[in-house]
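Some notes on the structure that comes next.
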Amino acid sequence: MAFRATILTLYPEMFPGFLGQSLSGKALARGDWTLDCVQIRDFTTDRHRTVDDTPAGGGAGMVLKPDVLARAIDHASEGDSRPRLLMSPRGRPLTQARVRELAAGDGAVIVCGRFEGVDQRVIDGRQLEEVSIGDYILSGGEPAAMILLDAVVRILPGVMGNALSGEHESFEGGLLEHPHYTRPQVWEGMEIPGILTSGHHAAIEKWRREEAEQLTRARRPDLLPAQPVTK
């Protein structure tokens with residue numbers, strides 16, 4: 001069964017965007033995954049098609065209304081058990097492990113927030129899993145949803161030409177990826193490390209592991225397991 005992505009958004013014209021190109025675009029054309037967009041505004045009931053209102057308690061900005069968004073979610077996910085995600089800067093950080101969990105499932109319903117946020121009652125009432133792609137703020141959840149889907153689609157079966165490509169990269173195995181080199185052998189006075197052209201596969205794997213550990217220790221020590229405290 002193809003991976004089914006349903007996007008709830010005020011700007012469906014933004015999709016598929018870059019997801020229609022390269023690996024994800026070819027996979028979409030083949031039917032390896034499907035993409036449907038639901039216009040949240042279609043589920044309003046007033047003549048002005050109002051989707052937001054002022055925040056309770058005062059403050060700047062507007063908040064997406066729970067009744068409108070809930071109707072859109074119910075329509076998009078009726079009769080299926082796909083996870084319901086809300087792209088949000090306050091969500092849990094997206095990890096490669098979570099990406100693999102999503103890729104192993106039937107798909108996802110993804111809500112793209114706008115304005116100041118989403119009424120907490122619809123987050124609780126519809127069991128939305130808040131997901132963040134980083135510690136920064138975007139104008140809306142659409143770019144974040146595309147990034148999440150790009151990460152998921154590329155590891156679906158058959159999408160990458162070489163299945164091993166998805167196994168030897170950053171965050172797989174808890175480390176950043178080792179450095180890469182290719183021809184020419186010498187470029188601007190810098191040579192490819194000799195070990196990589198030695199033909200000794202065990203030595204090459206050992207070098208790559210050591211380089212990955214060194215990079216991770218220098219740039220992302222938070223990814224390394226905690227070391228036991230010694231007296």
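Mind listing whichever residues of region 94-133 are of a type outside the set (Val, Ile, Thr), more than 19 Å from Leu64 (Cβ to Cβ) and assigned to a helix (DSSP H, G or I)?
Gln96, Ala97, Arg98, Arg100, Glu101, Leu102, Ala103
For region 38-77, name all the residues that are exposed (fewer than 12 other Cβ atoms within 10 Å of the Cβ) and either touching a helix residue (DSSP H, G or I) at 6+ places or on another chain (Cβ under 7 Å) or of a type in the set (A, V, I, L, M, F, W, C) (or both).
Matches in region 38-77: Ala56, Ala60.
Can you confirm whether Thr197 is out of contact with any Ser or Thr (no Cβ under 8 Å at 6 or more places or on another chain), of a type in the set (Ser, Thr, Tyr) and open to solvent by less than 80 Å² (accessible area, probe 1.4 Å)?
No, not satisfied.
Name every residue in region 24-37 that is within 18 Å of the chain's Cα centre (by Cα), in contact (Cβ under 8 Å) with a residue 24 or more places away in the chain and surrounded by fewer than 17 Cβ atoms within 10 Å (Cβ to Cβ), in order of residue number.
Within region 24-37, Thr34, Asp36 qualify.
Residues to consider are Ala144, Ala56, Ala104; find the one that is touching a residue at least 12 places away in the same chain (Cβ under 8 Å) and hydrophobic (A, V, I, L, M, F, W, C).
Being touching a residue at least 12 places away in the same chain (Cβ under 8 Å) and hydrophobic (A, V, I, L, M, F, W, C) holds for just one of Ala144, Ala56, Ala104, which is Ala144.
Given the conditions (1) without any contact (Cβ under 8 Å) to a residue 40 or more places away in the chain; (2) surrounded by fewer than 13 Cβ atoms within 10 Å (Cβ to Cβ), report the number of the one that Arg90 does not fulfil.
Arg90 satisfies every listed condition except (1).
Output the qualifying pairs, or none if there are none: Cβ atoms under 7 angstrom, residues six or more apart or on different chains, first residue in region 185-207 and farther than 24 Å from Leu175 by Cα, second residue open to solvent by 90 Å² or more (accessible area, probe 1.4 Å) and not small (Gly, Ala, Ser).
Listed by first residue and then by second, the contacts come to Gln185/Glu191.
The values are calculated or read from the model by the stated rules, or taken from the named source; none is laboratory data. None of these values were measured; they are calculated from a predicted model. All Cβ positions, glycine included, derive from the backbone under ideal geometry; neighbour counts span all protein chains shown. Heavy atoms of the whole protein, side chains included, go into the accessibility calculation; ligands, DNA and RNA do not. Shrake-Rupley method; radii C 1.70, N 1.55, O 1.52, S 1.80 Å.
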